[in-house]
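The values are calculated or read from the model by the stated rules, or taken from the named source; none is laboratory data. Computed from a predicted model, the values in this text were never measured in an experiment. Please note: Cβ atoms are built from the backbone with ideal geometry, for glycine as well, and neighbour counts cover all protein chains shown. Please note that ligands, DNA and RNA were not included when accessible areas were found on the heavy atoms of the full protein model with its side chains. Shrake-Rupley method; radii C 1.70, N 1.55, O 1.52, S 1.80 Å.
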Amino acid sequence: MGHNVHVQLKEKAKHFECFALAMDESNDVQDTAQLLIYILGVNSSFEVSEELEALQSLTDTTTGEDIFCKVRQTMEELDLDWAKLASITTVGAPSMVGAPWGLVGHIKREMEERGLAPPLQVHCLIHQQALCCKVLKWESVMKVVVSCINFIRANGLKHRQFQAFLSELESAHGDVLYHAKVRWLNRGRVLKRFYELLPEINAFLLTKGKTVPELIDTEWKWDLDFLTDVTEILNSLNLQLQGKGTLISDMCSHIKAFEDKIALLVGQMQKQDFTHLPATRSLSAEETAVSFPTKKCKDALETLRAEFSMQFRELHAHVKEIRIFQNPFVADINDTLPSLQFELAELQTCDVLKDAFNPNCLIEYYASLPNESYSNIRKHAMKMSTVSGSTYICEQTFSRMKLIKNPTRSRLSDQHLHQSLRLAVTGMEPDISLLTSQKQAHSSH
């Protein structure tokens, strides 16, 4: 069945006007490096397909050249045309984006040798956002939070007693959460839960003879409340960037909006305005001996904004191309690609097409444009519609892989793992009628 789905994908790929690749690499339960390659293609009718193209096993090294060889092999198996490769999306590992011998470097050289323009390179936006978050270390807060949580949860008896303690107080929450450094969303949830249970946690620790001075220290509580608010805003951005089939234009808008929010917060903090920082606002309503640390928090936000600007500089370099796709009616004709200028002039003066434009249905809108008059705009839209802003789909598939090839099924071969995984994530249906109609030889009994 897996082979049948692959045959269907190969047939569908013949009709792609352009396509993009998203890839990531992770180890399975037997420490075999598995390279996931997803293809996002679009045909002339603007039908977008996202499918697992291949799961390639890397049994030795995982250098950029090794990965490139697997990518080239996969493209040959599907008879894909390099000229139609619009973009590649990877994580930021050196083997992927390291210059000059990472995967991206190899693909650029391959395109140059073929006389083709290099594809748009996208570093997973979710991964970049997580890297930006690391500048907000604030170890003075996290060290105390993690220490208190570990004290409660490290011992089974104390953990049960704490849960019973919360139940007696009829608390809104029944427990604290563990902190995992590798997961930013987890950090945000841990902080929020700790903030909401702060009085109960302090009271429980005192019953166990453990005194934590920071929990009643106003200066430390300012830091906790501010960090809780900021991580909550960052978590909101992270969730907006997730999801299957999210257009690059939407992701770009979310990132730009976040940068504007940070600039807004910086200005409001200088006026002691905590409208968008609920935890900080709650503490400011109390009469505290220590005032809000404006400079410290302002510097933290400025650092965060600078990190976002640096991490997403490549995305900002393509913002004009993305903006044309997002709304061609507000694009500056003089500041766009020459191949699009005449067609944009025609489009922007056509009242019928302007009235029909719906930013929430971009794919359908571009599909409705007459190819004779707007062929270049359609091609540009096809390219943008295939650009994958993240490796979110790869992360989801790796989770499936760990369920399929688990410690009790560790002897599963790479070939069987590949086909099982393909069937688990595909949007296509195996042709059961064809498979059952094929004659199969049966050995005698």
(request) Given the conditions (1) part of a loop (DSSP other than H, G, I, E, B); (2) among the charged types (D, E, K, R); (3) without any contact (Cβ under 8 Å) to a residue 24 or more places away in the chain, report the number of the one that LYS244 does not fulfil. (result) (3)
(request) Go through the stretch 1-29 residue by residue and tally those that are without any contact (Cβ under 8 Å) to a residue 12 or more places away in the chain and closer than 25 Å to PHE68 by Cβ. (result) 1
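Is it the case that SER399 is more than 24 Å from ASP250 (Cβ to Cβ), surrounded by fewer than 22 Cβ atoms within 10 Å (Cβ to Cβ) and either polar (S, T, N, Q) or modelled with pLDDT of 95 or more (or both)?
Working: more than 24 Å from ASP250 (Cβ to Cβ): no; surrounded by fewer than 22 Cβ atoms within 10 Å (Cβ to Cβ): yes; either polar (S, T, N, Q) or modelled with pLDDT of 95 or more (or both): yes.
No, not satisfied.
Here is a yes/no grid of residues against (1) among the hydroxyl-bearing types (Ser, Thr, Tyr); (2) open to solvent by 30 Å² or more (accessible area, probe 1.4 Å); (3) under 24 Å from the mean Cα position of the chain (by Cα):
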| residue | (1), (2), (3) |
| --- | --- |
| SER44 | yes, yes, no |
| GLU50 | no, yes, yes |
| THR61 | yes, yes, no |
| MET75 | no, no, no |
| ALA93 | no, yes, yes |
| GLY98 | no, no, yes |
| TRP101 | no, yes, no |
| GLY105 | no, no, yes |
| CYS132 | no, no, yes |
(request) Out of the residues in the stretch 164-188 that are buried (at least 16 other Cβ atoms within 10 Å of the Cβ) and assigned to a helix (DSSP H, G or I), state the one that is modelled with the lowest pLDDT. (result) TRP184
(request) Sort through PHE342, PHE325 and tell me the only one that's aromatic (Phe, Trp, Tyr) and either open to solvent by less than 50 Å² (accessible area, probe 1.4 Å) or not in a helix (DSSP H, G or I) (or both). (result) PHE325
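Within the stretch 192-215, track down each residue that is open to solvent by 50 Å² or more (accessible area, probe 1.4 Å), part of a helix (DSSP H, G or I) and more than 23 Å from VAL290 (Cβ to Cβ).
Looking only at the stretch 192-215, we keep the residues that are open to solvent by 50 Å² or more (accessible area, probe 1.4 Å), and these are 192-193, 195-196, 199, 206-211, 213-214.
Applying the additional criterion that residues be part of a helix (DSSP H, G or I) yields 192-193, 195-196, 199, 206-207, 213-214.
The answer is ARG193, THR207.
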(request) Would you mind finding the one in THR288, THR349, THR336 that is closer than 21 Å to ASP229 by Cα and among the hydroxyl-bearing types (Ser, Thr, Tyr)? (result) THR288
(request) Any chance you could count how many residues in the stretch 282-300 are loosely packed, with under 15 Cβ neighbours inside 10 Å and assigned to a helix (DSSP H, G or I)? (result) 5
(message) Give me the residue from the stretch 1-32 that is more than 14 Å from ASP81 (Cα to Cα), touching a helix residue (DSSP H, G or I) at 6+ places or on another chain (Cβ under 9 Å) and assigned to a strand (DSSP E or B) and, out of that set, most open to solvent (accessible area, probe 1.4 Å).
(response) GLU25
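Assigned to a loop (DSSP other than H, G, I, E, B), open to solvent by less than 70 Å² (accessible area, probe 1.4 Å), at pLDDT 90 or above and out of contact with any Cys (no Cβ under 8 Å at 6 or more places or on another chain), is that true of ASN376?
no
Given THR303, THR218, THR275, which one is of a type in the set (Val, Ile, Thr), surrounded by fewer than 18 Cβ atoms within 10 Å (Cβ to Cβ) and free of Cβ contacts under 8 Å to residues at least 24 places away in the same chain?
On the way: THR303 fails: free of Cβ contacts under 8 Å to residues at least 24 places away in the same chain; THR218 fails: free of Cβ contacts under 8 Å to residues at least 24 places away in the same chain.
Criteria check complete, one pass: THR275.
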(request) Answer yes or no: is there a residue in the stretch 374-384 that is under 29 Å from MET23 (Cα atoms), touching a helix residue (DSSP H, G or I) at 6+ places or on another chain (Cβ under 7 Å) and among the basic types (Lys, Arg). (result) yes
(message) Being at pLDDT 90 or above, under 28 Å from the mean Cα position of the chain (by Cα) and within 19 Å of PHE151 (Cα to Cα) is true for just one of LEU247, LEU224. Which residue is that?
(response) LEU224
(message) I'd like to verify a number: residues in the stretch 379-388 that are of a type in the set (Ser, Thr, Tyr) and in a helix (DSSP H, G or I), how many?
(response) 2
(request) Check ASN334, ASN358, ASN371 and return the single one that is more than 19 Å from GLU17 (Cβ to Cβ) and assigned to a loop (DSSP other than H, G, I, E, B). (result) ASN358
(request) Among the numbered conditions (1) in contact with a strand residue (DSSP E or B) (Cβ under 8 Å, 6 or more places away or on another chain); (2) farther than 22 Å from ALA33 by Cβ; (3) outside any loop (DSSP other than H, G, I, E, B), tell me where ASP66 comes up short. (result) (2)
(request) Output the residue which, of all residues in the stretch 306-343 that are of a type in the set (Asp, Glu) and more than 18 Å from SER385 (Cβ to Cβ), is modelled with the highest pLDDT. (result) GLU307
(message) I'd like the full set of residues that are closer than 24 Å to THR89 by Cα and either open to solvent by 60 Å² or more (accessible area, probe 1.4 Å) or modelled with pLDDT of 90 or more (or both), limited to the stretch 426-445.
(response) GLY427
(request) Can you tell me which residue within the stretch 242-260, out of those that are farther than 16 Å from SER385 by Cα and not aliphatic (A, V, I, L, M), is surrounded by the fewest Cβ atoms within 10 Å (Cβ to Cβ)? (result) ASP260
